[in-house]
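Chemist: Have a look at this one before I ask anything.
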Amino acid sequence: MARPVYLDYNATAPLRPEAAAALEAALREAGNPSSVHGFGRRARRRVEDAREAVAALVGARPAGVVFTSGGSEANNLALAGLPAGRILVSAIEHDSVLQAAPKARRLPVDAAGQIELDALAEALAEGDDADGPTLVSVMLANNETGVIQPVAEVAALARARGALVHCDAVQAAGRLDIDLGALGVAALSLSAHKLGGPQGAGALVLAEGVAVAPLIRGGGQERRRRAGTENVPAIAGFGAAAEALRAAPKPDPALAGLRDGLEARLRALAPELVIFGADAPRLANTSCFALPGLPAETQLLALDLAGIAVSSGAACSSGKVEPSHVLRALGADAETAAAAIRVSLGWATTAEDLDRFIEAWDGLYRRRAA
C-alpha cells in the first residue's frame, strides 16, 4: 500500500523533529513555571527560552509575547482586549476574527483577494473615535488562498488617522519574513501548529507600549495579560519550531517551484480550472483552485480514498457545507466556490507527493468528462 500523502499544511503542519524533541523533554519534567523551587525555575526557563525564539521569529521584544492556547484565542484577545471604539475588518478574515467582532464593518477585497485600500481609507475617514481609537484587523496571508495582504500600507493609513492595527499572521509566520516594527502593527497573532509546533499553543505579540486587557482572569501569568498555568510542553515545542524556522529561506523557493509546477500540470489537464489569487502575491506553499461542476466533497472523498489529504474551500458546521466566505468575497459564484479545494505544502512535501495528487485528480477529471 502506498504511503499516505499529506497536503494540508495550512490546516496543521506535521510536528517538526525539533519541536517533538522539545515537547518530549518538557513532558518528562514536572514543574509549574510560577513556582520558585528548582522544578519551577526549570519550567520557567523553558517558557522564557520559547518566548525569546517566538519574538525573534517576528522581530519583536520577548516582553511583548503573550502565550495563548492558539491563534483563535490570540485573535479573540486582540479584538476584545486592545483599546478600541469601532472595529474594521477585511471580508476575508478567519472566523475567529469575524465572530469575535460580529458588529465590525467588513471591508471589501478585489478580485485577486487583496483588501481595497481606498475602501479602508474611506472607512477610516468616516469614523467617530469618541469611544476610543479605531481598530483595524487584517490578516497577513489568507488561509484559503494564500494571498498576501498589504499590511504595511494598511498600518500607514491607520496611523494617519490615529487607528490601531491587529494582524492575524497565523498562516504567514515561518513562510514570510516578518518584522513587527516594519509592519507597523500594534499586535500580531501566531499559532504553533501552523509552524510545525504542537497544537495547543499560540501567541499574541504586542508592539512596545501596547497594552491588552485579559480575556482570562484569575492569575498573574503572562504579565497579567492571560491567566492560567502556561502549557509548558506545547510552548517549548512552539519555541523550538520558531527557532528552526529562523534560518529557513522565506519564501521557500523549493515550495514555490513545487506549487507552480502543480498548477501548471493542473492547467494542462483542465484549462477551465480557476486558481484563486493567481494574480496576487501568494504564500509559496498554497494553491486554492476549483473546477466548476466537480464538487469539493466529491474530490475530497476520492482523494482521501487514494490516501491523499487536502482541504476544501468550504466551511462545514454541523454537517452543513456552505461556500467559503473568502471565495465569495473574491467574487466567486456559489457553484465555483463549492468546487474549490486547497492544496498546501510544507517542510516534508516531495515531488512524489504531487505526482500522486496529479494522478488521483486526473482520474477524477477524466471520470467527470466521460
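Every read-out reported here was derived from the displayed coordinates using simple, explicitly stated rules and does not represent laboratory data. Note that the coordinates shown come from a computational prediction; the quantities given were computed from them, not determined experimentally. Methodologically, a virtual Cβ is constructed for each residue, glycine included, from the backbone with ideal geometry; neighbour enumeration extends over all protein chains shown.
Chemist: Sticking with the crude label model, points 7 Å out along Cα→Cβ, report the distance from E122 to A264 in nm, one decimal please.
Modeler: With each label point 7 Å from Cα toward Cβ, the separation is 4.1 nm.
Chemist: For every other residue with a beta carbon closer than 15 angstrom to the beta carbon of L291, add +1 if it is Lys or Arg and -1 if Asp or Glu, then tell me the sum. List each step's numbers first, then the result.
Modeler: Numbers: positive: R265, R267, R342, R366, R367, R368; negative: E263, E272, E297, D333, E335, D362.
Here the count lands on 0.
Chemist: Which GluC sites (Glu not before Pro) from the range 249-350 combine a DSSP loop assignment with at most 11 other Cβ atoms within 10 Å? Show your work: numbers first, answer last.
Modeler: Working: sites: E263, E272, E297, E335; in loops: E272.
Answer in residue order: E272.
Chemist: Run the helix sum for the chain: -39,500 (n - 2.57) per DSSP H stretch of 4+ residues, divided by residue count, reported at 222 nm to the nearest 500 deg cm²/dmol. Don't skip to the answer; put the middle values down first.
Modeler: Details: 14 runs with 145 residues, N = 370.
Here the helix-only value at 222 nm equals -11500 deg cm²/dmol.
Chemist: Right, here's the next one. Once R0 is set to 22 Å, what does the formula 1/(1 + (r/R0)^6) return for the Cβ-Cβ distance between S35 and A227, expressed as a FRET efficiency to the nearest 0.05? It would help to have the intermediate numbers written out before the result.
Modeler: Working: r = 16 Å, r/R0 = 0.73.
Calculated value: 0.85.
Chemist: Sticking with this one: Among A236, A125, A340, which one shows the biggest mean-square fluctuation in a GNM of the chain, springs joining Cα atoms closer than 10 Å?
Modeler: A125
Chemist: For the range 196-293, what is the charge dipole size about the Cα centre, in debye to the nearest 20, if Lys and Arg each add +1 at the Cβ and Asp and Glu each add -1 at the Cβ? Before the final figure, lay out each step's value.
Modeler: Values: 11 positive and 9 negative charges, 70 e Å.
With Lys and Arg at +1 and Asp and Glu at -1, about 340 debye.
Chemist: Starting from the Cα of R105, step 7 Å along the direction of its Cβ; do the same at R368; then give the gap between the two resulting points in nm.
Modeler: Modelled inter-label distance: 4.0 nm.
Chemist: Mind checking the dipole of the range 17-246: about its Cα centre, +1 per Lys or Arg Cβ, -1 per Asp or Glu Cβ, Debye to the nearest 20? Write out the running numbers ahead of the final one.
Modeler: Working: 22 positive and 26 negative charges, 209 e Å.
The dipole of the range 17-246 has a size of about 1000 debye.
Chemist: Place +1 on the Cβ of every Lys and Arg and -1 on the Cβ of every Asp and Glu in the range 65-183, take the dipole about the Cα centre, and give the residue among P83, L120, A101 whose Cα lies farthest towards its positive end.
Modeler: Positive-end residue among those listed: P83.
Chemist: Using the basic label-point model (7 angstrom from Cα toward the beta carbon), what is the E24 to A56 distance in nanometres?
Modeler: Taking the simple label geometry, E24 and A56 are separated by 2.3 nm.
Chemist: I want to verify the translational diffusion coefficient of the range 164-216 in µm²/s; compute it with Stokes-Einstein, Rh as the Kirkwood radius over Cα pairs, at 10 °C and 1.306 mPa s. Display every interim value, and only then the final one.
Modeler: Working: Rh = 11.8 Å.
Here the translational diffusion coefficient equals 134 µm²/s.
Chemist: Please give the direction-averaged projected area of the C-alpha convex hull for the chain, in square nanometres with one decimal. Walk me through the numbers on the way to the answer.
Modeler: On the way: hull surface 76.6 nm².
Answer in nm², one decimal: 19.2.
Chemist: Strictly greater than 13 Å: what percent of every Cα pair in the range 140-191 meets that? Don't jump to the answer; show the numbers that get you there.
Modeler: On the way: 723 of 1326 pairs.
Summing the P(r) of the range 140-191 above 13 Å gives 55 percent of all pairs.
Chemist: In addition: Counting Lys +1, Arg +1, Asp -1, Glu -1, what net charge surrounds V138 among other residues with beta carbon under 12 Å of its beta carbon?
Modeler: On the way: positive: R106; negative: E93, E116, E153, D168.
That sum, taken over residues with Cβ under 12 Å, equals -3.
Chemist: Pop out the ³J(HN,Hα) list for the range 179-196 in order, Karplus 6.51 cos²θ - 1.76 cosθ + 1.60 with θ = phi - 60°, rounded to Hz; leave Gly and Pro as x.
Modeler: Here the 3J(HN,Hα) series is 10, 4, x, 5, 5, x, 9, 7, 8, 9, 9, 9, 9, 5, 6, 7, 9, x Hz.
Chemist: Still on this structure: What is the gain in length, in nm to one decimal, between T298 and D355 on full extension, counting 0.36 nm per residue of separation less the C-alpha to C-alpha distance? Present the calculation step by step, with values, prior to reporting the outcome.
Modeler: On the way: separation 57, 0.36 × 57 = 20.52 nm, distance 1.98 nm.
Contour length minus the Cα-Cα distance gives 18.5 nm.
Chemist: Work out the P(r) tail for the range 243-351: percent of alpha carbon pairs separated by more than 19 Å, whole number.
Modeler: Values: 2875 of 5886 pairs.
Value for the range 243-351 (Cα pairs over 19 Å): 49 percent.
Chemist: Tell me, what ³J(HN,Hα) does each residue in the range 279-290 have, in order and in whole Hz, if you take phi through Karplus 6.51 cos²θ - 1.76 cosθ + 1.60 with θ = phi - 60° and put x for Gly and Pro?
Modeler: In residue order, the calculated couplings are 9, 10, x, 10, 4, 5, 9, 10, 9, 10, 9, 9 Hz.
Chemist: Take peptides 214-224, 242-252 and line them up by average Cβ neighbours within 10 Å, highest first, as a rough protection proxy.
Modeler: On the way: 214-224: 14.2, 242-252: 16.5.
Ranked by mean Cβ neighbours within 10 Å, highest first: 242-252, 214-224.
Chemist: For the Cα atoms of the chain, what angle does the longest principal axis make with the long axis of helix 117-126, in degrees from 0 to 90, nearest 10?
Modeler: 40
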